[in-house]
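The structure appears below as structure tokens.
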Amino acid sequence: MIRKPTPLFFEQGPHAVILLHAYSGSSNDMRLLARRLESENYTVLAPIFTGHATGDPADILREGSPQKWWQDTRDAIASLRRRGYQQIAIFGLSLGGLFATRALQADPQLVGGGTIASPVVFRGQTHVPEAFIQMARATYQQQHLDAPEIANRMAWIQEHLPAQLTAIQAFTDTTATHLDQVKQPVFIAQGTADQMIDPRSGQWLAEAYPSKQIDFHEYAGADHVLTVNTAHHALEADILTYLHTIF
């Protein structure tokens, strides 16, 4: 039996950090970073977006939407505040970065945060559609479904995926047009060998903010999922340095 990912909550010191995972990912995207922050006495919450990590990729399309994921983000912030945390930062990987950015816009009480390989300013290419379809097919093959059943499910996904990606793009565009509402210091991380989104995405986002407001890091030769790939140690160190400046 494959164990499904669950939300992470590591309770430590008075400063709290929310970590939002990528599209079609889970809190596992954030486990290494969460454990590193925990070891430095930060309280860490890494929720799971609605529809994700159920074992059926179609649930992301059936149950999820940008509105639901935005509500998940607000719920994560509210749950920390209910526990008494006042000093909260929020970061997101890829899709998660869109919601971290929207949270910084909407909630000036958040101390700071930012994005990790996130196409907030969208230009160039994205390989998200193909990657989602490959992930879904691989998931169903691992579950030993027969070929007609896999073909059936894949046809359903290919039919419904475009509408959700369009909705995500609309949410992204709205977020990008209001970056001037973000008043907190912003952390931006980007790998130079990103295969999923344009590797200039971090630079484009950095250029959209006043230079004094940003802490921008590029990781040479690193692909998309910076939280687990060759860059993860450097990323963790850079986020910790940034957190020392905001808390």
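The numbers here are math on the coordinates, done by the rules we state, and not lab data. These numbers come from a predicted model, not from an experiment. Here Cβ is always computed from backbone atoms with ideal geometry, including for glycine, and neighbour counts include all displayed protein chains.
With charges set only on the Cβ (+1 for Lys and Arg, -1 for Asp and Glu), what does the dipole of segment 8-246 come to about its Cα centre, in debye to the nearest 20? Walk me through the numbers before you get to the answer.
On the way: 16 positive and 24 negative charges, 108 e Å.
Charge dipole of segment 8-246: 520 debye, to the nearest 20.
Each residue in Thr175, Thr166 was given a count of other beta-carbon atoms within 10 angstrom of its own, and listing them fewest first yields Thr166, Thr175.
Between the listed residues Trp156, Phe132, Ala78, the Cα displaced farthest toward the positive end of the dipole of the chain, a dipole computed from Cβ unit charges relative to the Cα centre, is found at Ala78.
Using the C-alpha atoms of segment 1-56, what convex hull volume per residue, in cubic angstrom, is computed? If you can, show how the numbers build up before the last one.
Numbers: hull volume 4.1 nm³, N = 56.
Measuring per residue, one finds 73 Å³ for the Cα hull of segment 1-56.
Within segment 8-246, antiparallel bridges make up roughly 15 percent of the DSSP beta bridges whose residues both belong there. You can think of it this way: the chain between Glu63 and Ala220 has 52.9 nm of extra reach, that is 0.36 nm per residue less the Cα-Cα gap.
In the neighborhood of Gly191, defined by Cβ-to-Cβ distances under 12 Å, what is the net charge if each Lys or Arg adds +1 and each Asp or Glu adds -1?
Numbers: positive: Arg200; negative: Asp194, Asp198, Glu218, Asp223.
Net local charge, Gly191 excluded: -3.
Evaluating 6.51 cos²θ - 1.76 cosθ + 1.60 at θ = phi - 60° for every residue in segment 195-200, the Karplus couplings come out as 9, 8, 10, 5, x, 8 Hz, glycine and proline recorded as x. When its C-alpha radius of gyration is set against 2.2 N^0.38 Å (N residues), segment 8-246 gives a value of 0.98.
Please sort 196-203, 239-246 by packing, taking for each peptide the average over its residues of neighbouring beta carbons within 10 angstrom, highest first. Spell out each step's value before the answer.
Working: 196-203: 21.0, 239-246: 16.4.
In decreasing order of mean packing, 196-203, 239-246 become 196-203, 239-246.
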